[in-house]
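I'd like to ask you about the structure that follows.
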Amino acid sequence: MKPTILTLLAAAALSLPAVAGEKLALLKLTDGTEYKAVEIMGVSAKGLRILHHSGAANVAVDSLPVELKAKYTEPWKKAVEEAAAKAETDKSKPAPELPKPMPNSPAKAAPGPGAPPAPNQAPAAAPLPQLVGGKVYGIAEVLAQKFKFDGKIVKMDVLVNYASKIEQISNDECQIFVGDPFTKLDSDYAFLRFPEEGRKKIETMLSGARGRMTLYIQVEAEEPIPLKAIGRTTVSGSPGTPITVKW
C-alpha cells in the first residue's frame, strides 16, 4: 500500500526524540557551565528551554554535551526553519489598508487662524488583565489550573523563609523561591518572577519577619516560570473585572 502524507508525517514525528519532559540530575555544558535538577521544557530557535534548581534558561544546542547535541540538533534545526518561515510570511503580508472615508461625509476644513487647537486624542489603552475570583489562591492550586488562568491575575499567598533569596535572571526581572502556605509541602515550592521595580518592596518584606506574603500574580502558562508577581496592592478594579495593581 502506498504511504499517505499523514503516514509519512507520523513516521517522521516518531523518529524525532521527545523534546519536553526529560529530566537530568546534572547538565554540564561545553563551556563548563553546570545546571542541576534540570527539566527540559522544549526546543525553540534560541536553543533548549530548561528549568533548573535556581531558575530557567535557554541553552544553545552547540554548547550541549555530545550525546545531547546529537539528540536535539534536528528538533532545533526544525525550530529555526519554522521561525525563519514565519518571519518570511509575516514580511510578505500586505500592509493594512487605511480606513476609507464614509460616503457623502464632507471633508473637515482646516482650522482658521486663531481657532483653538484640537484636543489630543489618547491612543486606546491595551485591555487590562482580569482578576480571577474573590479568593486567595496557593501555588499548587494555580499551577494545576495554569492554562485556565493563563493571562489573568490571581491573588496569591506564598511562604518565604530564610532560604528565600532574590536572584537576578535578566536586566529587568528577578526571581524568588517560595512555598504554598495552604499545603505546606516541599513539592509545592516554586519560583516566582517579578520585575525589577518590585525588588525594593520584596527586599523590605524579606528583611522583616519571614512567613506568609500576599501578592498579585499574573499567570503566563507557556513560560518556564509561569507565575509572575506584578504587585502588592490593588489600584482599581474588582474580582471578575480588569484591574491594575502596584508595588
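Checking the condition over 15 Å from the mean Cα position of the chain (by Cα), outside the structural domain of G55 (by TED's automatic domain parsing) and in contact (Cβ under 8 Å) with a residue 60 or more places away in the chain, which residue from T183, T214 passes?
After ruling out the rest, the residue left standing is T214.
Answer with yes or no whether S187 is loosely packed, with under 15 Cβ neighbours inside 10 Å and within 27 Å of E39 (Cβ to Cβ).
It is true that S187 is loosely packed, with under 15 Cβ neighbours inside 10 Å and within 27 Å of E39 (Cβ to Cβ).
Restricting attention to segment 135-164, and to residues there that are within 15 Å of L215 (Cα to Cα) and among the basic types (K, R), which single residue is surrounded by the fewest Cβ atoms within 10 Å (Cβ to Cβ)?
Checking each candidate, the answer is K135.
The values are calculated or read from the model by the stated rules, or taken from the named source; none is laboratory data. No experiment lies behind these values; they were computed from the predicted model shown. Positions of Cβ are backbone-derived with ideal geometry, glycine not excepted, and every protein chain shown enters the neighbour counts.
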